[in-house]
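Heads up, the thing below is written out as structure tokens.
The values are calculated or read from the model by the stated rules, or taken from the named source; none is laboratory data. Since the structure is predicted, the reported quantities are computational estimates derived from the model, not experimental observations. Here the Cβ positions follow ideal geometry from the backbone for every residue, glycine too, while neighbour counts run over all protein chains shown. Surface areas here come from the heavy atoms of the whole protein model, side chains and all, with no ligands, DNA or RNA. Shrake-Rupley method; radii C 1.70, N 1.55, O 1.52, S 1.80 Å.
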Amino acid sequence: MTETIAGKNTPNIELTDELLQRVGKNTEEMNKVVRPSLTYWQDAWIKLRKNPVATLGLIILVIYILMAIFAPMLTPYSYRTNNSRAMNLEPMQNSEDEIAAAAESGEKLAPHIFGTDQMGRDLWARTWMGARVSLFIGLAVVSINTVIGCLVGGVAGYFGGRADMIIMRIIDVLYGIPMIILAILLMVVMGSGIVSLIVAMVAIGWISSARLVRGQVLQLKSSEYVLAAKTLGASDMRVIIRHMLPNISGILITNMTMAIPNAIFNEAFLSYIGIGIAAPMCSWGLLARTGAALMEIYPYQLIIPAFFICTTMLSLNMLGDGLRDALDPKMRGKY
Amino acid sequence: MPKYILKRCIIAVFTLLVLITIIFFLVRLLPGDPFNDPKVTDEVRARLEAYYGMDKPLIQQYFAYLGNLLKGDFGVSLIYTGRSVNSTIAQTFPYSADLGLRALGLALVVGLILGTLAAQKAGRVIDYVCVLVAIIGVSMPDFIIGALLKLIFAIKLRVLPAGLWNGFSYTILPVVALSFYTLALITRLMRSSMLEVIHQDYILTAKAKGLSNFQVIWRHQIRNSILPIVTVMGPLVAAVLTGTFVIESMYAIPGMGKFYVESVHDLDYTMVLGMTAFYGIFLVSANLVVDILYGIVDPRIKLAESKQKADDGEEG
């Protein structure tokens with residue numbers, strides 16, 4: 001249908017059907033999703049990957065963890081076998097005795113990649129065995145702390161009232177006890193070893209995560225969705241597991257990442273002053289201790305473990321900083 | 001304010017009581033009886049019996065021990081005849097205090113300067129250098145810094161002494177090693193807290209009314225951003241004190257930390273317990289002082305608390 005409006009001062013416009021379309025709300029257009037829908041974790045992952053510093057930290061950590069698992073298998077030497085004929089070798093060397101023995105038997109001789117220590121133990125094997133111990137202790141301590149912290153802090157924050165008051169008074173009192181002093185004391189009494197180390201560090205360490213969880217739970221308790229869930233008849237258990245835990249998990253993970261370097265440092269410190277891990281078992285702290293004793297003659301024995309301790313703590317700190325930004329819901333959608 | 005101080009004091013007293021109770025009962029948990037060890041000489045045994053009242057029931061021993069601590073008597077050595085915890089502390093503590101105060105002072109001065117500089121020049125090269133120093137410092141345990149400094153400056157370059165405590169040149173390496181972590185932490189904190197202050201309206205006002213750059217930084221920015229540093233002074237003192245264990249052993253400084261580590265190695269239980277009690281009392285008191293100082297320094301404590309509550313309410 002085409003008609004022409006002809007009138008005074010009106011330009012000659014041809015009105016077509018196309019021009020006479022209804023302009024208004026179009027449900028199809030409105031329902032179109034412009035941005036791909038992302039869950040909280042996908043969003044955080046994207047943000048983390050866009051942060052080069054945090055990504056670098058993550059990559060280094062993954063490499064160290066893989067090496068801690070597989071590297072000891074890459075060398076024929078054991079971390080605990082003494083060899084009096086291959087003591088204090090520089091990296092990538094073999095002693096004359098070893099070369100002679102290998103030439104005699106016709107076997108291929110594996111190099112000591114990081115050299116050997118004063119007992120002739122292969123430092124490559126010891127370094128990665130130490131990585132296992134140090135990383136395991138760091139992870140174990142922080143995980144146990146977080147679980148205890150969640151239980152205690154959760155109960156205090158969620159149920160409030162007298163339970164909260166009693167728990168908080170206890171925490172106030174315990175919080176003042178210097179952690180490292182108590183850890184030294186416990187280590188002296190329990191003797192050295194991985195289990196004692198973990199117990200000593202958990203003894204006071206759980207308190208800060210309990211405080212963190214309590215604060216978060218207190219805040220969430222008065223949120224609308226918790227009220228809605230309760231109104232709909234959800235049990236306490238369901239509210240805690242379905243609504244509260246996912247909402248504090250971001251902060252918890254950030255906190256754990258930042259706490260692991262502390263645990264690794266404390267382990268190294270206790271081993272360094274001689275009450276953490278005892279030889280022939282090893283950890284990075286113990287390696288640094290034995291290395292420091294010989295650093296005037298064989299500096300590499302100190303520098304190798306020092307390098308790994310520092311880069312691990314650095315990576316965890318960088319990753320933690322990135323995670324804090326990535327997991328902060330207030331920063332959502334900001335790339 | 002008095003209520004706040006009173007509350008802090010009561011908590012500190014209970015903390016000490018718990019710590020001392022743990023210390024007392026831990027030694028009873030030791031496998032075997034360290035006091036009956038053949039190594040322990042008769043004379044030492046007699047002194048231990050007098051100190052703990054070992055013929056009396058446990059609970060009386062506990063109160064005797066508490067009473068001794070109240071009198072300022074920390075006990076005697078299990079292994080060395082005639083050596084008491086008190087005399088050891090009196091001999092060694094001055095060195096540790098000297099070292100610790102120097103390290104803390106250096107960390108505060110340099111940390112504040114670096115943090116301020118980084119915040120002023122945010123995003124420029126100086127900022128990146130300061131942030132780098134901070135992140136390396138936080139990631140490097142003091143025993144590694146100490147060992148590396150010793151290796152480079154004392155052993156390879158031979159410009160500074162590798163140990164002992166005989167004058168200013170002897171103090172440089174240990175003080176720098178001990179202060180590094182603290183310095184890094186202060187730099188980091190100062191930078192972030194000052195970055196928040198820098199964009200406040202009152203800074204703009206100060207600049208608008210014609211104050212010089214220096215005056216704006218000194219009178220307005222530093223004073224307003226220094227509070228977070230006060231809050232971490234307690235843990236920082238603890239970190240420096242723990243650091244003295246390692247640094248004093250490494251640099252052969254005759255301080256309390258070195259002696260503590262040696263006692264731990266010798267399994268001189270009563271010595272370790274006595275010195276631990278002393279360290280505990282020292283740190284708890286330091287924390288208490290910091291808490292009270294914080295309450296006095298920050299007039300906004302009350303305001304901040306009520307604001308926090310309002311914020312929580314809004315979000316909830």
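Some observations on this one:
- Of all accessible heavy-atom area on the protein assembly as shown, the percent that carbon and sulfur account for (1.4 Å): 64
- Whole-number percent relative contact order across the range A:1-150, with pairs defined as alpha carbons under 8 Å at least 6 apart: 19
- Distance from the alpha carbon centroid of the range A:181-244 to that of the range A:42-63 works out to 26 angstrom.
- Label-point separation in nm, B:V129 to B:S285, each point 7 Å along Cα→Cβ: 4.2
- Put a dot 7 Å past the Cα of A:D236, heading toward its Cβ, do the same for B:E262, and the two dots end up 5.6 nm apart.
- Among B:Y52, B:Y80, the sequence by solvent-accessible area, most first, with a 1.4 Å probe is B:Y80, B:Y52.
- Counting heavy atoms of the protein chains alone, B:K56 has an accessible area of about 100 Å² for a 1.4 Å probe.
- Exceeding the 29 Å Cα-Cα cut-off - candidates A:K50/B:K207; B:K3/B:K207; B:K7/B:K71; A:K108/B:K150; A:K50/B:K150; B:K121/B:K209: A:K50/B:K207; B:K3/B:K207; A:K108/B:K150; A:K50/B:K150
- Note on chain A: with a GNM built from Cα contacts shorter than 10 Å, the maximum mean-square fluctuation among A:N262, A:N31, A:N51 falls on A:N31.
- The calculated FRET efficiency for the pair A:M87 and B:D201, based on their C-beta separation and a Förster distance of 51 Å, comes to about 0.15.
- Within a Gaussian network of chain B (alpha carbon springs, distance under 10 Å), most fluctuating of B:K156, B:K258, B:K209: B:K209
- Ranked order, B:L151, B:L70, A:L38 - accessible area, probe 1.4 Å, largest first: B:L70, A:L38, B:L151
- Membrane-span-like helices in chain B (whole DSSP H runs, Cα extent of at least 24 Å along the helix axis, mean Kyte-Doolittle hydropathy of at least 0.5): B:2-29, B:85-120, B:168-198, B:227-250, B:269-297.
- From the alpha carbon centroid of the range A:126-152 to that of the range B:240-295 is 26 Å.
- Cα-based helix-to-principal-axis angle, A:52-70 vs chain A, degrees rounded to 10: 40
- Per-pair calculated FRET efficiency, R0 = 45 Å: B:A97 and B:Q215 via Cβ, rounded to 0.05: 0.80
- Taking every protein chain into account, the 1.4 Å probe leaves A:V147 with about 90 Å² of accessible area, to the nearest ten.
- With each label modelled as a point 7 angstrom along the Cα→C-beta vector, the A:V147-B:A46 pair spans 5.3 nm.
- Rolling a 1.4 Å probe across the protein heavy atoms gives the protein assembly as shown an accessible surface of 51 Å² per residue.
- Between A:L19 and A:S78, the FRET efficiency estimated from the beta carbon spacing at R0 = 60 angstrom works out to 0.10.
- Solvent exposure, largest accessible area first (probe 1.4 Å, DNA, RNA and ligands not counted), of A:F265, B:F25: B:F25, A:F265
- The A-B contact accounts for approximately 3800 Å² of buried accessible area, totalled over both chains at a 1.4 Å probe radius.
- Shape of chain A, Cα gyration tensor, a/c cut at 1.5: oblate
- Using heavy atoms of the protein chains and a probe of 1.4 Å, the accessible area assigned to B:E43 is about 110 Å².
- Computed on chain B, with alpha-carbon pairs under 8 angstrom and 6+ residues apart, the relative contact order is 24 percent.
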